[in-house]
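The values are calculated or read from the model by the stated rules, or taken from the named source; none is laboratory data. What you see is a predicted model, and the numbers here were worked out from it, not measured in a lab. Here the Cβ is made from the backbone with ideal geometry for all residues, glycine too, and neighbour counts use every protein chain on show. Accessible surface areas use protein heavy atoms only, side chains included; no ligands, DNA or RNA. Shrake-Rupley method; radii C 1.70, N 1.55, O 1.52, S 1.80 Å.
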Amino acid sequence: MKKRWMGIVLLCLAAMLACSACSSANAFRGGNNMQGVVKLGPFPKQAASVAGYNLYLSEAPAGPFTKINDQPVLGYSNLMVPYLKAGQTYYFRMTAVGFGTPPRESAPGGVFKRTAVQSWD
């Protein structure tokens, strides 16, 4: 089971890193001390009307928040957010994305925080 989740995490991370056209994926790259990572998830089970979730990150609880994913994150997924400063606290919020053209996005949920670590287990 743990290997299956690790595979999902690696697929999500690979998709984020491979996306060169995505400006938000590069928003936190740069600097010498950007080796921290935050683990998020598992995300809630999706309702039938939910295509996935969008995630937003900020360095302050009140924002501004920057979207960090290109495609909606699926329920039960885990996600690693790389290129952060180890030891720094980051603030996140999440929205649900519906099916449709264009997809509708819910109001953001509550803000939650995580501290970036140098590595993960």
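Considering (1) among the aliphatic types (A, V, I, L, M); (2) more than 16 Å from Leu57 (Cβ to Cβ); (3) touching a residue at least 60 places away in the same chain (Cβ under 8 Å), the lone condition that Ala107 does not fulfil carries the number (3). Across the range 33-42, not a single residue is classified as open to solvent by less than 40 Å² (accessible area, probe 1.4 Å), in contact with a Pro (Cβ under 7 Å, 6 or more places away or on another chain) and over 16 Å from Ala116 (Cβ atoms).
Check every one of the strands (runs of 3 or more DSSP E) wholly within the range 44-121 and list those with 1 or more residues that are touching a Leu at 6+ places or on another chain (Cβ under 6 Å).
50-58, 79-84, 89-98
Residue by residue, here is whether (1) in contact with a helix residue (DSSP H, G or I) (Cβ under 9 Å, 6 or more places away or on another chain); (2) of a type in the set (Gly, Ala, Ser); (3) open to solvent by 80 Å² or more (accessible area, probe 1.4 Å) holds:
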{"site": "Asp70", "(1), (2), (3)": "yes, no, no"}
{"site": "Ser77", "(1), (2), (3)": "yes, yes, no"}
{"site": "Lys85", "(1), (2), (3)": "no, no, yes"}
{"site": "Val97", "(1), (2), (3)": "no, no, no"}
{"site": "Pro102", "(1), (2), (3)": "no, no, yes"}
{"site": "Pro108", "(1), (2), (3)": "no, no, no"}
{"site": "Thr115", "(1), (2), (3)": "no, no, no"}
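Among residues of the range 42-56 that are more than 14 Å from Asn69 (Cα to Cα), those with a Cβ under 7 angstrom from a residue that is among the hydrophobic types (A, V, I, L, M, F, W, C) and loosely packed, with under 13 Cβ neighbours inside 10 Å, sequence gap 6+ or separate chain, pair up as Ser49/Phe99.
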